[in-house]
Every structure is written in C-alpha cells, then in structure tokens.
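The values are calculated or read from the model by the stated rules, or taken from the named source; none is laboratory data. The structure presented is a predicted model; accordingly, all values stated were derived computationally and were not measured. Heads up, the Cβs are rebuilt from the backbone with ideal geometry, glycines too, and the neighbour counts pull from every protein chain shown. Areas reflect the complete protein model, heavy atoms only, side chains present, ligands, DNA and RNA absent. Shrake-Rupley method; radii C 1.70, N 1.55, O 1.52, S 1.80 Å.
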Amino acid sequence: MKKTKQKSPNWKTLRIGILLFVLIVVVKGVWQDNNQDWRKPIFVALYPINGDQTAHSQNYIAKLKEQDYLPIVGYLQSEAENYQQPVQFYFKLGQEVKVLPPALPEGKSVFSVMLWSLKFRYYTWQQQQELGIKPNLTLFLKYYDPAVQRELKHSTALQNGRMGIVNLFASDKQNAQNQIVIAHEMLHAFGATDKYDLSTGQPIYPQGYGDPQQSPRYPQKTAELMAGQIALSEQKSKMAESFRQVVINTDTAKEVGWLKP
Ligand SMILES: [Zn+2]
C-alpha cells in the first residue's frame, strides 16, 4: 500500500511529462506551419497519381520529369523578389502513388472534415516513409484525361501538416495552367487565402485583381495567383494561361509572410 502510494506520484509526473512533451511538439509544429521562415530551403515532394485510372493519364505520368516543375520555382522566386524576399524551393518528384488519397467528405460537417484530415495526414506520412526524406510540403498531383474529365474538382491544400491534393489535366497543352494551379495550392499551404468568389469563380475586387488600380478597370490583363482568373468585366473572367499573366499582390504576400502586415 505504502509502496504504490510512493510510486504513483512518479508515474503521474512521468505521464504528465510525456503529455507535455507531445503537446510542445504539436504546438511547435503548428507554429512552424503558420510561420514559415523563408530564409530556410523548402523541400516539396510531388507524387503523381493516375486520377481516372486511364491509359492516357498513365502514359502522361510515365513521361513526367522533375524539371517539368522548375518553372514554378522560377515564378515564385521572381514574385517573392518583388517583396525583397529570397525564397528557395526544391522539388522532388516521387514515384507514382497507386493508392488513392482519402476522398474529401461530401458533407462539410466539422467531424467529417477532421476525420478526413487525420486520414490524409496518415496517408501522407505513409508515402513519405517511401521517399526517405521529410519534405516541408507534400503535394499529391492527381492527373485526369481532359477528353474524359472536362472539369476538375477543387484542389485542396492544408496549412497544418503542409499537404495537398491537386487535380490537374494529363495533357502537355495544359502544363502551363497546371503550373499555376500547383503554385496556387502551394501558397495555400503557407497561409494564402482564395481571392475569388467560391460560388461564381469571379475574382474579388480589389484583392483578386492583377492590377486593381488599372483604369479603365476592365478588361484586366493579369490575374492574382490566389484568384487564378483574369477579370474581363464585373461578371466575366477567364483562367490565366501562363505565369506571364499571373501576379502575387500585397494581400497574398502578407498572408504568406513575404511582406510585413
Ligand atoms: Zn484555392
């Protein structure tokens, strides 16, 4: 009786110690995910996935090379330079992943989204074990044959855990637009928010416009990366075709930490 009484406070202390340690690790992880130190290099793991299980997408994926994604690095570097912010991104193209990531829940209940994000974290962790590096950001690139799938579902990237699922077209003609979509999702993972109306796809004025000061205001010549669309009028817009038509404006720069708020 006496013995157990003496023992239990030690066990309690140890358990509390372990819990505190876990808590510190989690809080530190969340803090780091929300406060990127841009002086440090950022390793991005890219995993292609055959989204529609077609031979067409399979052939496209088989030809992918790491260099294909380099224009994204160049684009982000030159945009960050506008804010005197050096950034270093390194892409690593992993093996094609045969197991599909957990599907996003149809309903948007807090519980189903939380459960999905846990499953997705576990899935991401499993893939990272194979690659043998611990990337700062992990993106699963799901490719679809444009002849089969005319429109793609929304892509998703999470800031906490730094991981995302990006839906893309398996077509060389679409490569430039695919790069825009990947850059857009990358910045979500660093805290940038969407700058378009989620119901209409129309860029939000002024933060979603390439040049909000332009006079006359329409048609805009460029898109803001987090809107992705060029506003042609108040109601009309078109997808930017290449990085030449896409800028990163101050709201996004502040959100990701390139510009002091
Ligand atoms: Zn978005």
Based on what the data block shows, is GLY201 within 14 Å of the ligand (Cβ to nearest atom) and modelled with pLDDT under 95? yes
Every listed condition ((1) open to solvent by 100 Å² or more (accessible area, probe 1.4 Å); (2) assigned to a helix (DSSP H, G or I); (3) modelled with pLDDT of 95 or more) holds for HIS56 save (1)
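Which ranges mark the strands (runs of 3 or more DSSP E) fully within the range 99-173 that have 2 or more residues being away from the ligand (no atom under 16 Å from the Cβ) and open to solvent by less than 80 Å² (accessible area, probe 1.4 Å)?
Details: elements: 137-144, 156-158, 163-169.
Ranges flagged: 137-144.
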Pairs returned, first residue in the range 221-234 that is farther than 15 Å from LEU76 by Cα, second residue that is more than 13 Å from the ligand (Cβ to nearest atom) and not in a strand (DSSP E or B), beta-carbon separation under 6 angstrom, 6 or more apart or interchain, are THR222/GLY210; THR222/GLN245; ILE230/GLN220; ILE230/ALA240; ALA231/GLN220; LEU232/PRO219; SER233/TYR218
Taking the range 221-236 and keeping residues within 17 Å of HIS184 (Cβ to Cβ), more than 14 Å from the ligand (Cβ to nearest atom) and out of contact with any Pro (no Cβ under 6 Å at 6 or more places or on another chain) leaves THR222, ILE230
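Looking only at the range 82-91, decide whether some residue is aliphatic (A, V, I, L, M) and open to solvent by 30 Å² or more (accessible area, probe 1.4 Å).
No, the range 82-91 has no match at all.
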Over the range 143-166, the set of residues more than 18 Å from LEU198 (Cα to Cα) and among the small types (Gly, Ala, Ser) is ALA147, GLY161, GLY164
Within the range 174-189, of all residues that are more than 14 Å from VAL73 (Cα to Cα) and either within 16 Å of the ligand (Cβ to nearest atom) or not in a helix (DSSP H, G or I) (or both), the one farthest from the chain's Cα centre (by Cα) is GLN177
Among the residues of the range 227-239, are any in contact with a Phe, Trp or Tyr (Cβ under 7 Å, 6 or more places away or on another chain), part of a strand (DSSP E or B) and modelled with pLDDT of 95 or more?
yes
